[in-house]
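Participant: The structure under discussion is supplied below as structure tokens; questions concerning it will follow.
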Amino acid sequence: MKNIVFLIISLSLIVTISCSSDGDSNTQQITLSQDEVNDLKFLREEEKLARDVYIYAYDKYSDVVFNNISQSEQQHMDKILVLLNTYNVEDPALPNTGEFSNQILQGIYNDLTAQVDISLIEALKVGATIEDLDIKDIENFENRTDKSNILNTYEKLKCGSRNHMRNYYNQLSNNGVTYVVQFISASELTTIINSSNEQCGN
């Protein structure tokens, strides 16, 4: 698990400082900053990672929570794709499940699915970890854009991730396990788990 967290932290640093060479059209450069382009492309694949890991977990354990949330993650992917298309940004998402353009995300997927293989409890921990990271990343991305359509989508994705976190946290709690927060603050997690599921809109 420590190796997975190290990979994730390293990836977050790379995303923060990277300057992608993709998207060289004049229209895109005028419309979006490079940070905004990088963040949207990264988030498209991060949502795919969540979806693909949950599909893998559902195939292994047939727990409906993974099936339900994987479908929600597909909706998150679709929302980011709308933004990519709006700004003429190339979609980095590969068509096959479990395959990623970003090789660090590929490594994280491999590590997380290996953890899923251990047990259902470990698979639920993986789910909580993914949502924990997703919320934190989106909060960081919100600080790098002022575009209302992007911010609106980010808020909807965060809302969905909070609901997912509640589901995974409660599943773990029902099995006598307490999830230990890794990315967002402990107080933010407490606020999430002590509140009801939200209506996140379309």
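A short reminder: the numbers here are calculations on the coordinates, not readings from a lab. None of the values given here were measured: they were computed from a predicted structure. Glycine also receives a Cβ, built like all others from the backbone with ideal geometry; neighbour counts cover every protein chain displayed.
Participant: Output the residues belonging to segment 60-88 that are part of a loop (DSSP other than H, G, I, E, B), touching a helix residue (DSSP H, G or I) at 6+ places or on another chain (Cβ under 6 Å) and crowded, with 16+ Cβ neighbours inside 10 Å. Let's see the steps before the verdict.
Facilitator: First, the residues of segment 60-88 that are part of a loop (DSSP other than H, G, I, E, B): 62-63, 87-88.
Filter once more, keeping what is touching a helix residue (DSSP H, G or I) at 6+ places or on another chain (Cβ under 6 Å): 87-88.
Listed by number, the list holds a single entry, 87.
Participant: Still on this structure, please answer the following. All but one of (1) more than 20 Å from residue 198 (Cβ to Cβ); (2) of a type in the set (A, V, I, L, M); (3) crowded, with 21+ Cβ neighbours inside 10 Å hold for residue 130; which doesn't?
Facilitator: Going through the list (1) more than 20 Å from residue 198 (Cβ to Cβ); (2) of a type in the set (A, V, I, L, M); (3) crowded, with 21+ Cβ neighbours inside 10 Å, residue 130 breaks only (1).
Participant: Only residues that are closer than 14 Å to residue 127 by Cβ and of a type in the set (Gly, Ala, Ser): list them for segment 169-202, please.
Facilitator: Residue satisfying the conditions is 173 alone.
Participant: Cβ-Cβ below 8 Å, separation at least six or inter-chain, first residue in segment 160-174 and among the small types (Gly, Ala, Ser), second in a helix (DSSP H, G or I): which pairs?
Facilitator: Listed by first residue and then by second, the contacts come to 160/72; 160/75; 160/76; 161/131; 161/134; 161/135; 161/138.
Participant: Right, here's the next one. I'd like the residue in segment 133-152 that is crowded, with 22+ Cβ neighbours inside 10 Å and of a type in the set (D, E, K, R) and, out of all such residues, is nearest to residue 181 (Cα to Cα).
Facilitator: 134
Participant: What single numbered condition from (1) in a helix (DSSP H, G or I); (2) surrounded by fewer than 19 Cβ atoms within 10 Å (Cβ to Cβ); (3) not acidic (Asp, Glu) fails to hold for residue 57?
Facilitator: That leaves (2) as the condition not met.
Participant: Considering only segment 132-155, I want to know if a residue exists there that is touching a residue at least 40 places away in the same chain (Cβ under 8 Å), touching a helix residue (DSSP H, G or I) at 6+ places or on another chain (Cβ under 9 Å), closer than 15 Å to residue 50 by Cβ and of a type in the set (Val, Ile, Thr).
Facilitator: Within segment 132-155, one or more residues are touching a residue at least 40 places away in the same chain (Cβ under 8 Å), touching a helix residue (DSSP H, G or I) at 6+ places or on another chain (Cβ under 9 Å), closer than 15 Å to residue 50 by Cβ and of a type in the set (Val, Ile, Thr).
Participant: What residue, of 122, 99, is more than 16 Å from the chain's Cα centre (by Cα) and charged (D, E, K, R)?
Facilitator: Numbers: 99 fails: more than 16 Å from the chain's Cα centre (by Cα).
One residue alone meets the criteria, 122.
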